[in-house]
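First comes the structure, then the notes that go with it.
The values are calculated or read from the model by the stated rules, or taken from the named source; none is laboratory data. In this text the structure is predicted, and so the values were computed from the model without any measurement. Using ideal geometry, Cβ is built from the backbone for each residue, glycine included, and neighbour counts are taken over all protein chains shown. Please note that ligands, DNA and RNA were not included when accessible areas were found on the heavy atoms of the full protein model with its side chains. Shrake-Rupley method; radii C 1.70, N 1.55, O 1.52, S 1.80 Å.
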Amino acid sequence: MSFCRQFMLRLRRIRVWWSPLLMVAAAASLPLPLAAQDFPSRPITLIVPFPPGGVADNVARPVAQALGKQLGQSVVIENKQGAGGGIGMAYVAKAKADGYTLLLALSSISVIPEADRVLGRAPMFQLDQLLPVARFTADPVVLAVRADSPWKSFAEFVAYAKANPKKLNYGSSGNYGTMHVPMEMLTASAGISMTHVPFTGAAPAVTALLGGTLDAVASGPSTVVQHVKAGKLRVLANWGGERHPALPEVPTLRELGAAVEYAQWSGLFAPAGTPEPVLAALRKAARDAQDDPAFRQAFVTLQTPLAYLDAPAFRQYWDADARKMAEVVQRIGKVE
């Protein structure tokens, strides 16, 4: 065999041996998918898992506007209500992880999978199916009654409830939701019993309170403060660690001797598996929104202080909150 032919055969073997390695190296050096590089190249859908007019919807409006301004694309709100927020949350958890379907959730997100387990059914979604992007608010809920009710103070309300077990009814945004859990925490602490009436969201529950169907609600301040100012509702207490700036005259439950605290927070989530560049773009947009005067003014108008946390800090906060809420749900037990 000639030297030239031997050389060509050896070269062919080298090509065969190296080709898989070259393919792997080439794949590793490929740029990110074009969709991730160009994000966002079309409008984004922001799922709000409650009806219009409630706390989540009130927060979502300025968030959507600010994100759209920062990202250069429209952020369209879609209210997908039901199951205490579970339907909308599960929808995003199972959505395509490309950044174009996001979730504006309340703290009930920490409760729903555990509640499903307590009820003996498969969870609608798992917490690890969602990634925290940013927390925007962390408001304590407040105990609201009608202004024409006979209870001028928290002590009077508790005294009546003790003398009339189950006679008082309170509304919520759904079983184990952000209006149900704090009230159950309160009844356990105060040694009272009331009748729980679940609705599909905070707004319908507050409407029922205004209409006389309910006696009380535990709601985010932004949902009731307008009715307090209009003289239609009275707030007796709040679940915070300190008094709320929008309602400075209202004492905390701890001041009143009830060792109970609960914050109704709101946050932005994306489906697990969302590309890191997309998450980075969303986090930056949320961060930059804090410097937008219109964004900040919207929360002043809502009487809801901003309590922003970026993804890493929000993750720690959410993990701790989920553990605490799971314990509360276990204590409440099965609710028919």
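Out of the residues in region 174-201 that are in contact with a Gly (Cβ under 7 Å, 6 or more places away or on another chain) and open to solvent by 10 Å² or more (accessible area, probe 1.4 Å), state the one that is modelled with the highest pLDDT.
If we take residues in region 174-201 being in contact with a Gly (Cβ under 7 Å, 6 or more places away or on another chain) and open to solvent by 10 Å² or more (accessible area, probe 1.4 Å), then Val197 is modelled with the highest pLDDT.
Which ranges mark the helices (runs of 4 or more DSSP H) fully within region 1-85 that have 2 or more residues being open to solvent by less than 90 Å² (accessible area, probe 1.4 Å), modelled with pLDDT under 50 and of a type outside the set (Lys, Arg)?
3-28
Note down all Cβ pairs under 8 Å where the first residue falls in region 135-163 and is open to solvent by 70 Å² or more (accessible area, probe 1.4 Å), the second is β-branched (Val, Ile, Thr), and they're at least six residues apart or on different chains.
Final answer for the pair search is Lys162/Ile192.
Quick one: how many residues across region 275-304 are touching a residue at least 24 places away in the same chain (Cβ under 8 Å), within 18 Å of Thr101 (Cβ to Cβ) and open to solvent by 10 Å² or more (accessible area, probe 1.4 Å)? Even if it seems obvious, please write down each step before you answer.
Applying the first criterion (touching a residue at least 24 places away in the same chain (Cβ under 8 Å)) to region 275-304 yields 275, 277-279, 281-289, 292, 294-295, 298-299, 302-304.
Cutting the leftovers down to within 18 Å of Thr101 (Cβ to Cβ) gives us 275, 277-279, 281-283, 285-286.
Narrowing further to those that are open to solvent by 10 Å² or more (accessible area, probe 1.4 Å): 275, 277, 279, 281, 283.
The total comes to 5.
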